[in-house]
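As structure tokens, the structure follows; a few thoughts come after it.
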Amino acid sequence: MTLKIHPAVNDLKSDYDKGKMSRREFIRFATLLGLSATAAGQMAGFAFPTTASAGAIKRGGKIRIAAPVHKVTHPAQFSWICPSNQLRQVAEYMSYTDENNITHPYLLESWQPSADLKTWTLNVRKGIKFNNGDDFTADDVIFTFKQWLDKNVGSSMLGMLEGYLDANGIEKVSDSKVVLHLKTAEIGVPEHLFHYPALVLNHKTFEGDFIKAPHGTGPYLLKEFVEGERCVLVRRNDYRIKGADGKSLPYLDTVEFVDMGTETAPMIAAMQSGEIDMIDQGDMSGPEVYQALKGNPKVQIYPVATNQTRVLRMRADMKPWSDNRVRQALKLCQNREKILALAYFGEGMIGQDVHVSPKHPEYCPIETPKYDPEKAKKLLAEAGYPNGVDVNVAVGSGWKEIVRYAEILKEDALPAGFRINIQTMPNSQYWEKWTEVDLGITTWAHRPLGTMVLNLGYTSDSKGAPAPWNESKWVDKEFSELITKANGTLDVEERRKIFCQLEKIQQERGSAAIAFWINVWTIASKRVQGIVSHPSLYLKLEDFWVNA
Amino acid sequence: MDNTKSTSKKNQNSNLDQNIDVPKKGKGRFRDTLKILFSSKAATIGLILVLFWVFVALLAPYITSYSPMEQDWKAPNKGPSIAHPLGTDELGRDIWSRLAYGARIVLIVMPISEKLWIPGGTAIWGVIAALFCGASLGLISGYKGGWADEIIMRLLDAMMSIPVILLYLIIVAALGASAVNVVIAIAIVGTPGVARLVRSLTLDIRTRDYVRAAETRGETLLYILFMEILPNAKGPIIIDAMLRVGYAIFAMGTLGFLGLGMPPPSPDWGSMVAKGREFILIGNPWASLWPSLAIASLVVGLNLLADGLREESMRYQ
């Protein structure tokens, strides 16, 4: 069968040849348009390295990972990464976004978007079996999509998809082909399919509780799951993907996730003593574990830069933040180098008050604003606060780097006239009112595309009301129009041009102050091999093996 | 003090004071107290520890070279040095300054809001509030007896059955973290204990002749409770209060440690321990060691002082 290549791929190729686009960006966009990563890599003139040489790999053995074992029923309801790291070994996703933010087909064999990006054909990979013997077919794909779109399930996938997809827009063409008819053009479909709650379910056996019927297509079987204690996985013998030694993955016999509570100190001690091999930091904030273990000779650290950040966001519909001069004044009070150095120990990149990271493909280089309390004071006076202003900033006390960020800001914003009162609360309480507080610092997870973040956090719905996750309620007509334009623009240079405008607007009149982007680390014992750190800290345990 | 004087005067006048020691006036009495104090080694050590922190708190601006908020971002998490005698915390703030200003919040001033500070430390206000509520309830309960006693004491028993830490957490989590709410929490948690003590003292004192005399004179209930009974029960109450200040400091430390004390960047000892604790494993134990020692020394000091005083005063009696 010959697959049609999306016409834009040729444009991308010519951009790449002219040097308008980096190799990584070419592969990213070409794979998004349905080309396999290998084919795209070949077009770009290089071969993918194999992850491990067959000679070195050893089979068998067990590893223990410290991770919270939360109560789990419906995978689509996940709101934490750690449970997904346990169950993504049992069930799998339709696509796979790798550590370089390139998305590959996974349970799907390929996808083909139409030229207008409104019709997506998903080709289901044939010959895959669930671990209970059922065949994986288009019915499972459709069943899973409908679970996400069902309001009663309450999946965060709904928020991501409902803007462009309805349940009646899903068409089954054959047992191996599904067509999605979108309401609007969307380039991020393959990446959405790898969002952590997007595990593919078995339509024959799934009845709302995955633990009762743990039937997935993945490399491990669920042996034991005790909430708050442990999750034990054992090797599946007939997994479809082969390892470097030509035999079925996974290499390990057993993986045990041990719940050690929320305190990091016992986990660090357990790592030092060799009692555990790894700490799943997917939902853990802060670099304390890295700081404690970086010099340990038994431990290997795998760092990765991310598009994760902490956003100091101001409600643009509430006083005093409704005045852009006040917002700009507070942004000028950020001593960015100091904030990164003290709040996150210098382990990240400086931000420029735009929610597009230097690691996003569309990033347009923009100047970093300087710390300038004098100018901030003038702006405050112009806005009608010559004697300064008292403000409260809400922070979750569990995010240590956010508390430090707030303490630094309080000190550095004082000369400008901001008298900041820090209101700490448990993280859960912050999540209850993260869209309501007038000034707060929110954690934003890693997302591979800049458009994904901007669509979520800084747009309005069709009636002009802020989108559900638009926490600062900042709605700017020009900005919204530019995002819509960017969503349907494939040419990377054109897209970057739009992003240059978007970033300029957000920096000049936006509602978010972004001082830094953080690094994350996969931290494991040296006996564990085959680790590649993912920016979302997703674990791909079938590639892991133990040396002795 | 004035209450005692007027009561004793009245009692002398009515020639009904056989049961009570006539306190010495002014200097003589002070000398007696000091004598009791210094005859106990424990009390002396306790006094020295407590006075040390009181002076540190009073003189904080004069004995520190930095503001407790001043951040030196080039020198975070450093051990003791000449510039920073106890080292710096994770934001490069001088730990000695933070300890000294933290002592002020405990013992000398209470921040009502960012701008309004009132004299009397947070722990002290907590204990005063507990004493006031506890003493009122204990007096009524002990003096009135009957159903009033039953209702009050059973309610307080119910409160005492809740573990103290849990009660602190519930109260502060419900009210939010601030100095005033910490005072409220300390008061609520301390009230049942004070009430029990005062009630048992009242049960004894209410049978005394001078109380009968006051009743015969037709004095009001409030007068009898607060002018006749309370002043004569003050000895044990003062010693109990001293212990309670220690508990209150401990409670402040616990709440701060759990992130429910004063909001950051306030130099709250408990939150200093909590924040410093994160850096023990990366080789900087100082930021949590010093505030832990500060809490321990002040609490131990108050306990020694109270214990010593109690033992000595009992021996003198």
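A few remarks follow.
- Take each residue in A:404-410, count the other chain C-beta atoms within 10 Å of its C-beta, and the mean is 4.
- Measure of compaction for the range A:129-191 (Cα Rg per 2.2 N^0.38 Å): 1.19
- Multiplying the residue separation of residue A:23 and residue A:205 by 0.36 nm and subtracting their alpha-carbon distance yields 61.2 nm.
- Counting only DSSP H runs of at least 4 residues, each contributing -39500 (n - 2.57), and dividing by the residue count of chain B, the helix-based mean residue ellipticity at 222 nm comes to -22000 deg cm²/dmol.
- Kirkwood-based Rg to Rh ratio, the range A:240-294, C-alpha trace: 1.11
- Annotation: amide H of residue A:440 within the under-5 Å range of A:313, A:394, sequence separation 5 or more or interchain, hydrogens built in the peptide plane.
- Fraction of beta bridges assigned by DSSP in the protein assembly as shown that are antiparallel (%, nearest 5): 80
- Per-residue Cβ neighbour rank within 10 angstrom, fewest leading, A:540, A:71, A:177: A:71, A:177, A:540
- Between the beta carbons of residue B:132 and residue A:294, assuming R0 = 56 Å, the FRET efficiency works out to 0.60 to the nearest 0.05.
- Think of chain A as having a plus end and a minus end, set by charges on the Cβ of Lys, Arg, Asp and Glu; of A:455, A:260, A:357, A:357 sits farthest toward the positive end of this dipole.
- Cα centroid of the range B:292-309 to Cα centroid of the range B:100-120, whole Å: 21
- When shorter helices are ignored and each DSSP H run of at least 4 residues is given -39500 (n - 2.57), the per-residue value for chain A at 222 nm works out to -8000 deg cm²/dmol.
- Residues B:279, B:226, A:210, sorted so that the one with the fewest Cβ neighbours within 10 Å comes first: B:226, B:279, A:210
- For the range A:322-433, the fraction of C-alpha pairs farther apart than 16 angstrom is 64 percent.
- Cα-centred dipole magnitude for the protein assembly as shown, charges only on beta-carbon of K, R (+1) and D, E (-1), debye, nearest 20: 1680
- Counting other Cβ atoms within 10 Å as a rough exposure proxy, the listed residues A:183, A:331 run A:183, A:331 from fewest neighbours to most.
- Rounded to 10°, Cα long-axis angle of helix A:373-382 versus longest principal axis of chain A: 70
- Local electrostatic count, residue A:68, Cβ distance below 15 Å [Lys/Arg +1, Asp/Glu -1]: -4
- P(r) weight above 15 Å for the range B:219-308, C-alpha pairs, percent: 67
- Packing, taken as the mean count of other beta carbons within 10 Å per residue, orders the peptides A:252-265, B:299-312 from highest to lowest as B:299-312, A:252-265.
- For A:263-276, mean number of other protein chain Cβ atoms within 10 Å: 1
- For chain B: span of alpha carbons on each principal axis (Å, largest first): 75, 44, 34
- Volume in Å³ per residue [convex hull over Cα atoms, computed for the range A:306-518]: 105
- Hull shadow area, averaged, the range A:201-266 [alpha-carbon convex hull, nm²]: 6.2
- Of the peptides A:374-385, B:28-39, B:190-201, the ranking by mean beta-carbon count within 10 Å, highest at the top, reads B:190-201, A:374-385, B:28-39.
- Net charge of Cβ neighbours under 15 Å - reference residue B:82; Lys, Arg +1; Asp, Glu -1: -1
- 18 Å Cα-Cα threshold exceeded, pairs from A:71/A:212; A:331/B:74; A:378/A:473: A:331/B:74; A:378/A:473
- Measuring nothing but how far apart in sequence close Cα pairs (under 8 Å, 6+ apart) lie, relative to its length, the range A:387-488 scores a relative contact order of 23 percent.
- Taking 4.7 Å between beta carbons as the limit, the unpaired Cys residues of chain A are A:82, A:231, A:333.
- Extreme residue, positive dipole direction of the protein assembly as shown, given options B:124, B:71, A:416 (C-beta unit charges): B:124
- Cα long-axis angle, helix B:286-316 against chain B (0 to 90 degrees, to the nearest 10): 20
- Between 0 and 90°, nearest 10: helix A:400-413 axis offset from chain A longest Cα axis: 20
- Principal axis extents of the Cα atoms in the protein assembly as shown, from largest to smallest and rounded to whole angstrom, are 118, 63, 54.
- The mean number of Cβ atoms from other chains found within 10 Å of a Cβ in peptide B:87-93 is 3, as a whole number.
- Size of charge dipole - the range B:133-246 - debye, nearest 20, with Cβ of Lys, Arg +1 and Asp, Glu -1, no other charges: 80
- q = 0.12, 0.20 Å⁻¹: log10 I(q)/I(0) that the Debye formula gives for the range A:97-205, counting C-alpha atoms only: -0.39, -1.15
- As a length-normalised measure over Cα pairs under 8 Å and 6 or more apart, the relative contact order of chain A settles at 18 percent.
- Pair-distance profile P(r), taking every C-alpha pair of the range A:410-548, with 10 angstrom steps and integer %: 9, 28, 29, 22, 11, 2, 0
Read-outs: derived from the displayed coordinates by stated rules, not from any lab. In this text the structure is predicted, and so the values were computed from the model without any measurement. Neighbour counts run over all protein chains shown; Cβ positions are idealised from the backbone, glycine included.
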